[in-house]
């Protein structure tokens, strides 16, 4: 169930917001939350299936890395399903097709796995991630916020929890009951909790050198894993959010979606609620992973405080022009 802001308790975190959906918007949004990003930096990005139409434009990412993260590496893992990124060789070919050739891309599970502890977990004591993850000092989660077939929505939590788990062990632990004939039999609240515990393992490993940027653009109800088969986009584009609090940023994105008109958010809210996706947020709060209350700072208008409803006001219908 969606919990209105006034019914939440606890401290507030800071979330920055810009309506500028371009490299010129992405760069200052990241710079607001970049203070602790040092050393060898991994940028966790969903690079997409071949020719996927909705991923974050690579030109934006290239501009960000050139400006602020010249020595960073994009990090990914192989998929649990058989597709364009199932093996490392297939994954490398897909990266080339999609144009992720302007900086190094590290497929974290190319050479095996590593185990990270899960503190306070219900389902896991440890999570299996790509072994190369431990080579990095800092993590930037650069996330395309959208719907998701199993998770309801995919924000920073999904990008890290599924995206850093390796393709054979970690993702199987999250998605499948051992011995089950159904690869995707873990669903609803249990799936959200397992995914969130995986995320906790990774962000605890990097803390405090981890930060989050969510891009609310081309928000199909489908994940970028579905590539060209993704459902058409019917939700308006919004903007870019950034924070050092993973719960606050995902919660702010959800609040903006719920603040849209019924016509604007119908399909995405239906996808979120039919999959019990809001359990991601409540479980992150139970695990102490952040605050679901926040101050939303408008970078376009003198860094003044605004509400999610303000951010969702006067949105333009989604259009493929200029995307």
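Throughout, read-outs are computed from the coordinates displayed, never taken from laboratory work. Quick caveat, the model's predicted, so the values are computed rather than measured. Counting neighbours? That spans all protein chains shown, and the Cβs are built from the backbone with ideal geometry, glycine included.
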Notebook entry, point to check: Can you pull out the residues in the stretch 163-191 that are without any contact (Cβ under 8 Å) to a residue 40 or more places away in the chain, under 22 Å from the mean Cα position of the chain (by Cα) and either surrounded by fewer than 24 Cβ atoms within 10 Å (Cβ to Cβ) or not in a helix (DSSP H, G or I) (or both)?
Noted result: 176, 184, 186
Checklist line | Checking residue 48 against (1) touching a helix residue (DSSP H, G or I) at 6+ places or on another chain (Cβ under 7 Å); (2) more than 20 Å from residue 165 (Cβ to Cβ); (3) buried (at least 16 other Cβ atoms within 10 Å of the Cβ), the condition it does not meet | finding: (2)
Checklist line | Unique residue being assigned to a strand (DSSP E or B) and either surrounded by fewer than 21 Cβ atoms within 10 Å (Cβ to Cβ) or at positive phi (or both) when the list is 115, 95 | finding: 115
Note to self: I'm trying to understand the selection: among the residues of the stretch 76-98, which are over 25 Å from residue 184 (Cα atoms) and either in contact (Cβ under 8 Å) with a residue 60 or more places away in the chain or within 20 Å of the chain's Cα centre (by Cα) (or both)?
What the structure shows: 95, 98
Margin query: Checking the conditions here, which among 221, 210 is within 18 Å of residue 118 (Cα to Cα) and crowded, with 18+ Cβ neighbours inside 10 Å?
Written below: 210
Check: From 288, 277, 227, which residue is touching a residue at least 24 places away in the same chain (Cβ under 8 Å) and within 29 Å of residue 39 (Cβ to Cβ)?
Finding: 288
Checklist line | the stretch 193-212, subset out of contact with any strand residue (DSSP E or B) (no Cβ under 8 Å at 6 or more places or on another chain) and in a helix (DSSP H, G or I), residue farthest from residue 77 (Cα to Cα) | finding: 193
